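Notes follow the structure.
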């Protein structure tokens, strides 16, 4: 009885709250995909920019999972446009690539009506130094023709791959980024933040121990965790919750 109560408290209750918060789900074709006005205007920003975004996934998945992507522009007045990379499912079953460049056309677009959150924002020389490594990581992504919503590889597996290949990103992917724990046939890898390590069995079961992520346990996509350094806990659906406000 005690175990059941703990499961209800840590899993069922937060998942129920997340589903309730999701509200009405519109068809993707009628949803907003336009800019959320979070990226600086490239025509007025000569410095290099690297940004990573996440937004709730489309449909009921959005109650539990996020979709993440990366966008960047080089430095100089001639760099008047962003390059954006996503991994998406559409077209993969017909032989298309999962990796898409400039999908939906804007770096900071709403994702099927869900407003994106900015996870990382680097500017200037630090951003310019990251871009060659990002481009190499995109080119080397090993699952270009594969997409599995769970346990991966999916959009979040792609961004986690880039984060591991470019350690200086120091990217903290949210617990709702289901698929970030998928590391293929490997069992041990660096955590996406590169501040610790993770154990993963096909993305179905995993454990992260890292300074940024804290202690995270992945059980078939259900993520529980605690980070004493950040005074936060992680619960399914709701993600990482600070115990004490900033």
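The values are calculated or read from the model by the stated rules, or taken from the named source; none is laboratory data. Worth saying up front: this structure is predicted, and the values here are computed from it rather than measured. Quick reminder, even Gly has a Cβ in these numbers, built from the backbone with ideal geometry, and neighbours come from all protein chains shown.
Restricting region 107-136 to residues that are over 16 Å from the mean Cα position of the chain (by Cα), surrounded by 15 or more Cβ atoms within 10 Å (Cβ to Cβ) and at pLDDT 95 or above leaves a set whose member that is farthest from residue 184 (Cα to Cα) is 123.
This table checks each residue for (1) within 20 Å of residue 170 (Cα to Cα); (2) exposed (fewer than 15 other Cβ atoms within 10 Å of the Cβ); (3) under 18 Å from the mean Cα position of the chain (by Cα).
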site	(1), (2), (3)
194	yes, no, yes
203	no, no, yes
208	yes, no, yes
216	yes, no, yes
220	no, yes, yes
226	yes, no, no
229	yes, yes, no
238	no, no, yes
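In summary, residue 69 fulfils each of the numbered conditions (1) closer than 20 Å to residue 37 by Cα; (2) at pLDDT below 95 with the single exception of condition (2). Considering region 225-246, and only residues there that are touching a helix residue (DSSP H, G or I) at 6+ places or on another chain (Cβ under 8 Å) and part of a loop (DSSP other than H, G, I, E, B), the residue that is modelled with the highest pLDDT turns out to be 236. Does residue 100 meet the test of being over 19 Å from residue 154 (Cα atoms) and in contact with a strand residue (DSSP E or B) (Cβ under 8 Å, 6 or more places away or on another chain)? The answer is no for residue 100.
Rundown of residues vs (1) touching a strand residue (DSSP E or B) at 6+ places or on another chain (Cβ under 7 Å); (2) modelled with pLDDT of 90 or more, yes/no style:
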| site | (1), (2) |
| --- | --- |
| 10 | yes, no |
| 16 | no, no |
| 27 | no, no |
| 52 | yes, yes |
| 73 | yes, yes |
| 88 | yes, yes |
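Screening residue 168 against (1) surrounded by fewer than 17 Cβ atoms within 10 Å (Cβ to Cβ); (2) at pLDDT below 95; (3) out of contact with any strand residue (DSSP E or B) (no Cβ under 7 Å at 6 or more places or on another chain); (4) under 17 Å from residue 119 (Cβ atoms) leaves a single unmet condition, (2). Here residue 133 passes the criteria (1) in contact with a helix residue (DSSP H, G or I) (Cβ under 6 Å, 6 or more places away or on another chain); (2) within 18 Å of residue 164 (Cα to Cα) except the one numbered (1).
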